[in-house]
Structures are given as structure tokens and as C-alpha cells.
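**Student:** Can you keep this structure in mind? I'll have questions shortly.
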Amino acid sequence: MATSPARPPFFDTRSEQGVLRISIAFSLAVALAGVVFGLLANSSLIIFDGIYGLIDVVMTWLSLLVARLIALSTQTDALQSRLNQRFTMGFWHLEPIVLGVSGTLMIGAALYALVNAVDALMSGGRHIALGPAILFGVVSLLAESAFGLFVLRANRRIGSDFIALDAKNWIIAASMSACYVVAFIGGMLVQGTHLAWVGPYIDPAILAVVCLFVMVAPLGTVRQAVAGILLVTPADLQAHVDAVAREVVQQHGFIEHRSYVAQVGRGQQIELFFVVRADDPPRPLAEWDQLRDAIGHALGEESPDRWLTIMFTTDREWAI
């Protein structure tokens with residue numbers, strides 16, 4: 001009797017979805033702890049760290065959902081057939097949308113916290129309980145740093161943009177924790193000295209600095225996501241496709257070619273049109289299919305994330 005293949009573990013560290021699930025669980029625990037300790041310590045900086053983590057949980061969950069949809073759309077089972085009936089163009093277009101929304105939300109949350117930090121600075125600062133704040137900061141720094149390194153190492157093998165963004169968020173979170181640990185220790189050291197007046201300003205001042213950093217960090221991801229949404233053609237991919245097409249035109253005596261290329265998340269969309277001479281000798285369909293296979297191989301290794309269309313026509317208007 002044939003046995004069905006075993007399913008991978010739910011928290012599989014070797015797969016994109018498994019790493020994202022682990023990140024969601026860990027993020028939720030750290031975020032909730034941050035909100036609780038922030039309220040106990042009266043620290044807007046720690047509260048922002050927790051809120052930042054909760055936003056990351058939501059966006060990582062969306063990333064996991066999109067990653068699963070993309071994986072399902074490239075399978076050949078009954079579920080894939082049902083999905084393709086409604087989404088015949090696949091789900092690659094969702095990836096840059098989620099990445100762009102995630103980065104934009106992070107920037108928006110940081111901007112809101114920055115305004116609150118400036119307001120607190122102008123209102124005389126904020127008195128916080130330094131003991132609980134330092135304790136949480138040290139634990140959070142160690143946990144976030146260790147998990148960020150784990151995600152980075154896992155993504156060396158997986159190569160996922162979603163995991164790369166998640167790793168960047170963990171590095172940002174660890175940097176935030178390091179900042180407020182140093183700041184809170186400094187606030188404890190100045191107590192009872194002539195610099196004690198600085199204490200209330202430490203929390204909002206460091207929060208303002210952290211917000212500026214958080215606002216800048218996702219800009220590259222947002223810019224890349226917008227390029228994917230707008231179907232901006234990558235110059236290197238366009239050059240490679242045109243080089244292959246020109247060689248085909250020269251070898252087979254075609255008139256010219258037209259290429260249309262876009263990078264949408266992890267998906268590559270390539271459309272190639274070859275203008276054939278009207279007096280070109282007839283060829284069997286199998287020969288045209290063999291030529292398509294050769295062109296596809298020359299373009300690169302076949303992948304479920306590549307949408308490749310190759311057409312031959314004698315009418316230039318079909319290639320425009």
C-alpha cells in the first residue's frame with residue numbers, strides 16, 4: 001500500500017512558512033511582555049517596542065499567508081486547481097503589496113511615537129521606574145539578538161524576502177532594546193547628582209532617536225515593493241532576456257524580437273515575441289516547442305516562480 005509523504009513539522013526551520021510561524025509565536029510573546037512591562041515602568045519607549053512587535057506579528061502573519069498561497073498555487077493537487085480557477089495569474093503580486101504595507105505601517109507607527117516623544121520632551125519629560133525597565137531591556141536585548149541571528153542564518157538557505165524583512169525587524173528591535181538599556185542605566189547613574197534633572201527626559205529622548213531609526217530602516221523595502229507593484233523592469237533581467245533573444249534571432253534568421261519583463265516579488269514575468277519572416281519555411285509544431293524549451297533553458301533554470309510566455313508571429317502588431 002502506498003503511503004502519503006509525511007508533512008513537514010509545523011515549526012520547520014528549513015522552510016519559509018516554518019520560520020515565519022516561529023517568528024510569529026516569538027514576536028507575540030515579546031510584544032505582550034513589552035506592553036506589560038512598559039505600563040509597569042511607565043515607559044513610553046518600552047510600550048512602543050511592544051506595539052512595534054504587535055504590528056510585526058500581524059504583518060508576519062500576512063507574509064505567512066501569502067507565502068502559503070504562492071506555494072499552493074505551484075502545486076498540482078486538487079486545491080491548486082481550485083485556486084487557479086479564481087486566480088489564474090497566481091499570487092506573486094501579493095508579495096510586494098504585503099512588503100510595502102508592512103514597511104509603511106512601521107514608518108507610520110514610528111512617526112506617531114515620534115510626535116508623542118516630542119510632546120513629552122516639551123512637557124517636562126516622563127518619570128519611569130528604572131529597575132523594571134532595565135530588567136526587561138536586558139532580557140529583551142538578549143532574546144531579540146539571539147532570534148534575529150537565528151532568522152538570518154535560516155534565510156541563508158531559504159532566500160526569502162519575507163524572512164529577510166522579518167530579520168531586519170528583529171535587528172531593529174534588538175537595537176531599540178540596546179538603546180534603552182544604555183539610556184536607563186545612564187538615568188540610574190545620574191540619580192542624586194547635579195544631572196538628576198536629565199532623568200525625566202531620557203525615555204522620550206531615546207524614543208525620538210529610535211523612531212527616526214525605525215522610519216529610515218524600512219525605506220529600502222518599501223521602495224523595492226513599490227517597484228514590484230508598478231511592474232518596474234529590472235535592468236539586469238531585461239539585459240539577460242534581450243541577450244538570449246538576440247542570439248535566437250540571429251541563429252534562426254528571424255526579423256526581430258520584443259521582450260516584456262517584470263519582477264513581482266519572487267516571481268519573474270517574461271514575455272518574448274519573435275517576428276518571423278512571412279516566407280519562412282513551415283515547421284512542425286513539435287519543432288517550435290523544442291525551440292521554446294531551448295529558449296527557456298537559456299533564460300535560466302526552470303522555476304515555479306517564473307511566468308514565461310514565448311510567441312512566434314509574422315505580424316509585428318502582435319509583438320507590440
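**Student:** So how many Å³ per residue does the convex hull of the Cα atoms of the chain work out to?
**Tutor:** On the way: hull volume 55.1 nm³, N = 320.
Dividing the Cα hull volume of the chain by its residues yields 172 Å³.
**Student:** Can you list the HN-Hα couplings for region 174-181, worked out from phi with the Karplus curve (6.51, -1.76, 1.60; θ = phi - 60°), rounded to whole Hz and with x for Gly and Pro?
**Tutor:** Values, residue by residue: 5, 5, 4, 4, 4, 4, 7, 5 Hz.
**Student:** A further question on this structure: Using a 1.4 angstrom probe and counting only protein chains, how large is the accessible area of residue 276 in Å², to 10?
**Tutor:** 10 Å²
**Student:** Rounded to the nearest 0.05, what FRET efficiency do residue 320 and residue 101 have when you use their Cβ-Cβ distance and R0 = 30 Å? It would help to have the intermediate numbers written out before the result.
**Tutor:** Working: r = 34 Å, r/R0 = 1.15.
Efficiency computed from Cβ-Cβ geometry: 0.30.
**Student:** Could you order 194, 252 so the one with the most accessible surface comes first? Probe is 1.4 Å. Before the final figure, lay out each step's value.
**Tutor:** On the way: 194 155, 252 60 Å².
Putting 194, 252 in descending order of accessible area: 194, 252.
**Student:** If exposed means no more than 16 neighbouring beta carbons inside 10 Å and the site is in a DSSP loop, what's the longest run of the chain without any exposed trypsin sites (Lys or Arg not before Pro)?
**Tutor:** Details: sites that count: 14, 277.
It works out to 15-276.
**Student:** Once the Cβ-Cβ distance between residue 306 and residue 260 is put in as r, and R0 is 22 Å, what FRET efficiency do you end up with, to the nearest 0.05?
**Tutor:** It comes to 0.95.
**Student:** Another one. Once ligands and nucleic acids are excluded and a 1.4 Å probe is used, how much of residue 193 is accessible, expressed in Å² to the nearest 10?
**Tutor:** Here the residue's solvent-accessible area equals roughly 60 Å².
**Student:** Let me ask something additional. In terms of solvent-accessible area of protein heavy atoms at a 1.4 angstrom probe, what is the ranking of 240, 127, highest value first? It would help to have the intermediate numbers written out before the result.
**Tutor:** Working: 240 75, 127 140 Å².
Putting 240, 127 in descending order of accessible area: 127, 240.
**Student:** Still on this structure: How much of the accessible area of region 97-198, in percent, comes from carbon and sulfur atoms when a 1.4 Å probe is used? Please report the intermediate quantities before stating the final value.
**Tutor:** Working: 3690 of 5100 Å².
Result for region 97-198: 72 percent of the exposed heavy-atom area is carbon or sulfur.
**Student:** Give, to the nearest whole percent, the P(r) tail of region 227-311 beyond 16 angstrom, counting all Cα pairs. The partial results should precede the final answer.
**Tutor:** Numbers: 1933 of 3570 pairs.
Here the tail beyond 16 Å accounts for 54 percent of pairs.
**Student:** For Cα pairs less than 8 Å apart in space and 6+ apart in sequence, what is the mean separation divided by the residue count of region 98-177, i.e. the relative contact order in percent? Walk me through the numbers on the way to the answer.
**Tutor:** Numbers: 32 pairs, mean separation 26.1, N = 80.
For region 98-177, the relative contact order is 33 percent.
**Student:** What FRET efficiency do you get for residue 115 and residue 69 if R0 is 41 Å and r is their Cβ-Cβ distance, rounded to the nearest 0.05? Walk me through the intermediate numbers first.
**Tutor:** Values: r = 36 Å, r/R0 = 0.89.
Efficiency computed from Cβ-Cβ geometry: 0.65.
**Student:** Which length gain, in nm to one decimal place, applies between residue 40 and residue 212 when the Cα-Cα distance is subtracted from 0.36 nm times their residue separation? It would help to have the intermediate numbers written out before the result.
**Tutor:** Working: separation 172, 0.36 × 172 = 61.92 nm, distance 2.52 nm.
Full extension from residue 40 to residue 212 adds 59.4 nm.
**Student:** Once you keep just the Cα pairs under 8 angstrom separated by 6 or more residues, what percentage relative contact order results for the chain? Working shown, then result.
**Tutor:** Values: 427 pairs, mean separation 57.0, N = 320.
Reported relative contact order: 18 percent.
**Student:** So, one more: Which shape class applies to region 97-166: rounded if a/c is under 1.5, otherwise prolate when a/b exceeds b/c and oblate if not, where a ≥ b ≥ c are the square roots of the Cα gyration tensor eigenvalues? It would help to have the intermediate numbers written out before the result.
**Tutor:** Details: a/c = 5.67, a/b = 1.48, b/c = 3.84.
Taking the square roots of the gyration eigenvalues as a ≥ b ≥ c, region 97-166 is oblate.
**Student:** Pulled fully out, how much extra length does the chain show between residue 231 and residue 243, if you take 0.36 nm times their separation in residues and subtract their Cα-Cα distance? Let's see the in-between values first.
**Tutor:** Numbers: separation 12, 0.36 × 12 = 4.32 nm, distance 2.07 nm.
That pair, residue 231 and residue 243, stretches by 2.3 nm at full extension.
The values are calculated or read from the model by the stated rules, or taken from the named source; none is laboratory data. Here the structure is a predicted model, which means the values were calculated and not measured. Cβ coordinates were reconstructed from backbone atoms using ideal geometry, including for glycine residues, and neighbour counts include every protein chain displayed. Note: accessible area is taken over every heavy atom of the protein model, side chains too, but ligands, DNA and RNA are not part of it. Shrake-Rupley method; radii C 1.70, N 1.55, O 1.52, S 1.80 Å.
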